[in-house]
Amino acid sequence: RDIHDVIIRNVIGYSQLCISVRLLACNTHIYNVVIDGIIDTAPADVKHHSSLIIGQADSEYGKNLPDGVRNITVSNIINRGQQCIVVGGYLKDSVITNVVNCNPDCPVITVDRENGLDNVLTSNLLTVGKN
């Protein structure tokens, strides 16, 4: 059931209501994943959630394990959503770099859980004007 050794590259588009890329680990592990290039092309009048979500709250689908998502490299994201990158579960031993958030009303990274990040390096995170 684990998902590992995956490359997701050059996702161009937007979700009408939801999230462009989702890494949801419920009672399982996701590791050794590269996400390089999510370009959100949503027009200013389209309200959708975010470009990337990693994990989510525990639910009927299962629990997010503290080591459930690890060794993830995220780079080259352009976001126009209501949120940019959401860590709803846990993220460990990972890197997030080169993110342009076009929504000044939200942070580049939103962490929903206390201690949701463990050994996560970030660099080149930028928030720019309105959509």
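The values are calculated or read from the model by the stated rules, or taken from the named source; none is laboratory data. Everything numeric in this text was worked out from a predicted model, so none of it was measured. Because the Cβ atoms are built from the backbone with ideal geometry, glycine has one as well, and the counts that use them run over all protein chains shown. What goes into the accessible areas is simple: the full protein's heavy atoms, side chains included, and nothing from ligands, DNA or RNA. Shrake-Rupley method; radii C 1.70, N 1.55, O 1.52, S 1.80 Å.
Could you state the accessible area per residue of the chain in Å², with a 1.4 Å probe and every protein chain left in place?
51 Å²
What percent do you get for the relative contact order of the stretch 82-131 when only Cα pairs under 8 Å and 6+ apart count?
Values: 103 pairs, mean separation 24.1, N = 50.
The normalised contact order for the stretch 82-131 reaches 48 percent.
Based on the mean of other beta carbon atoms within 10 Å per residue, what is the order of 16-25, 104-113, 68-77, most packed first?
On the way: 16-25: 17.4, 104-113: 15.9, 68-77: 21.4.
Ranking the peptides 16-25, 104-113, 68-77 by packing returns 68-77, 16-25, 104-113.
Using the charge dipole of the stretch 2-56 (Lys, Arg: +1 at Cβ; Asp, Glu: -1 at Cβ; taken about the Cα centre), state which of Gln56, Ala44, Ser20 has its Cα farthest towards the positive end.
Ala44
So for the stretch 58-126, Kirkwood radius off the Cα pairs, Stokes-Einstein at 4 °C and 1.567 mPa s: how many µm² s⁻¹?
Answer from the Stokes-Einstein relation: 102 µm²/s.
Quick one: order His48, His29, His4 from most to least accessible surface, probe 1.4 Å.
Ranked list, largest accessible area first: His4, His29, His48.
Under a Cβ-Cβ cut-off of 12 Å, what is the net charge of the residues other than Asn32 that fall near it, where Lys and Arg count +1 and Asp and Glu count -1? Working shown, then result.
Numbers: positive: Arg70; negative: Asp2, Asp5, Asp93.
So the surrounding residues net to -2.
Using a simple charge model, +1 on the beta-carbon of Lys and Arg, -1 on the beta-carbon of Asp and Glu, nothing else, what dipole does the stretch 43-131 show about its Cα centre, in debye to the nearest 20?
It works out to roughly 260 debye.
Quick check: Cα centre of the stretch 19-56 to Cα centre of the stretch 59-131, how many Å?
What the calculation gives is 9 Å, centre to centre.
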